[in-house]
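The values are calculated or read from the model by the stated rules, or taken from the named source; none is laboratory data. Bear in mind that the values here come from a model prediction, so they are computed numbers and not experimental data. Cβ atoms come from the backbone with ideal geometry, glycine included; neighbour counts cover every protein chain shown. Just so you know, the surface numbers come from the protein's heavy atoms only, side chains and all, with ligands and any DNA or RNA stripped out. Shrake-Rupley method; radii C 1.70, N 1.55, O 1.52, S 1.80 Å.
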Amino acid sequence: MILFVLVGVNPTGLRAYKIRTVVIDSGHGGHDSGCLGKKAKEKDVALQLAMAFGRMIEEKHKDVKVIYTRKDDRFLELHQRASIANKHNADLFVSIHLNSAKPGAFGTETYTQGLHVTGANLEVSKRENASVLLESDYTANYDGFDPKDPTTHIIFELFQSAYRNQSVKFAEKVETNFEKHAGRSSRGVKQAGFLVLYRTTMPAVLIEAGFLTNPNEEIYLTSTSGQAKLAESIYNAFAAYKAEIDKEGK
């Protein structure tokens, strides 16, 4: 039997707040390439989208501090990414990734922390969580979590529950903007268990901005115009979410 300890999480400690600090996480990095297209690597496209999104916040919201988990091609352990957000008392955590499946799969997805409602959601989380196997001591860093054991994924329902509504609110805005602003096909807001999210103590989402394994989507995802539209979509979602949260916090 594995005992999971809730570390640094206070589900009843929701604070009234305004959006003042955002942590933007570029998935993968360094020797962890993430998924691969014919030419592109997930780690590179995720970084480009994250930096573009962050610059828009920096330019248009001088009252918001933007913190990046990485600004270059380096490897960060998954728990370190959440720790950065917690250390800076972030009001929002956004992790940007690219998806992988059969060549015909297409569209965007935004995830919040929760149970795997479908087998497809489980497969996405297993792929993203596989980065943990590149870490030197993942059993100690994740309370005995074994990414190869499906039964251990049940722990994720215990975390992030306090922030689920806010996370879903932001995720819905992201997917709406992907569809209406960028003209992408939205696969909707979903829940699954992601190690990069489960210790964050603020609203948090993981964005799958498209499928690098789809040749047509890879072209879009690596184009200047495509990346601009996607970054603008995430920014539009952020601006609308911030306006709502700031108003509620008054």
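Computed quantities for the displayed model
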quantity	calculated
With DNA, RNA and ligands ignored, accessible area of ARG20 (1.4 Å probe; Å², nearest 10)	90
Neighbourhood charge, 10 Å Cβ-Cβ cut-off, centred on GLU218 and excluding it, Lys, Arg +1 and Asp, Glu -1	+1
Cross-link pairs beyond the 21 Å C-alpha cut-off, checked among LYS41/LYS190; LYS65/LYS190; LYS38/LYS102	LYS41/LYS190; LYS65/LYS190
Rounded to the nearest 10 Å², the accessible area of LEU230 at probe 1.4 Å	0
Solvent exposure, largest accessible area first (probe 1.4 Å, DNA, RNA and ligands not counted), of ILE219, ILE19	ILE219, ILE19
ARG74 accessible area, assembled protein chains, probe 1.4 Å, Å²	120
